[in-house]
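The block underneath contains the structure these notes are about, expressed in structure tokens.
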Amino acid sequence: MALYSLIIVIFIFTHLSSRASGHGSLVETPSRSSMWRFGFKTKPNYNDNELFCGEYTVQWQRNGGKCGVCGDAWHLPKPRPNEDGGVYGRGIIVRNYNPGLVV
């Protein structure tokens, strides 16, 4: 019975773990897409945790592995949404750091 239970647990774990889809966003220093979450009067990007170059197939099949400097898809016209001058890049300095500081 214990072996059967172990097999079931392993089966469930392997099938659930393959469905994980990690997301994240830069919060210190806030990225241009995430500034609105910290009180800046900028346009909200509710998908600020999805700046992954347009997704895997877009980055590698369409754009030959290239990615915009701020995580936007390479093929988008410049300025891309998260670049300076784009939808979220409004020329706002979010933080100032001294030289040599570890962030």
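Data overview
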item	result
Residue among H15, H75 that is modelled with pLDDT of 95 or more and not in a strand (DSSP E or B)	H75
R32 touching an Asp or Glu at 6+ places or on another chain (Cβ under 7 Å) and part of a loop (DSSP other than H, G, I, E, B)	no
Looking only at region 63-82, and only at residues there that are surrounded by 14 or more Cβ atoms within 10 Å (Cβ to Cβ) and closer than 16 Å to N49 by Cα, the one that is nearest to the chain's Cα centre (by Cα)	G71
Residue under evaluation Q59, criteria (1) in contact with a strand residue (DSSP E or B) (Cβ under 7 Å, 6 or more places away or on another chain); (2) part of a loop (DSSP other than H, G, I, E, B); (3) closer than 17 Å to H23 by Cα, criterion not met	(2)
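The values are calculated or read from the model by the stated rules, or taken from the named source; none is laboratory data. Here the structure is a predicted model, which is why all the values come from computation and not from measurement. Note: ideal-geometry Cβ built from the backbone for every residue, glycine included; neighbour counts use all protein chains shown.
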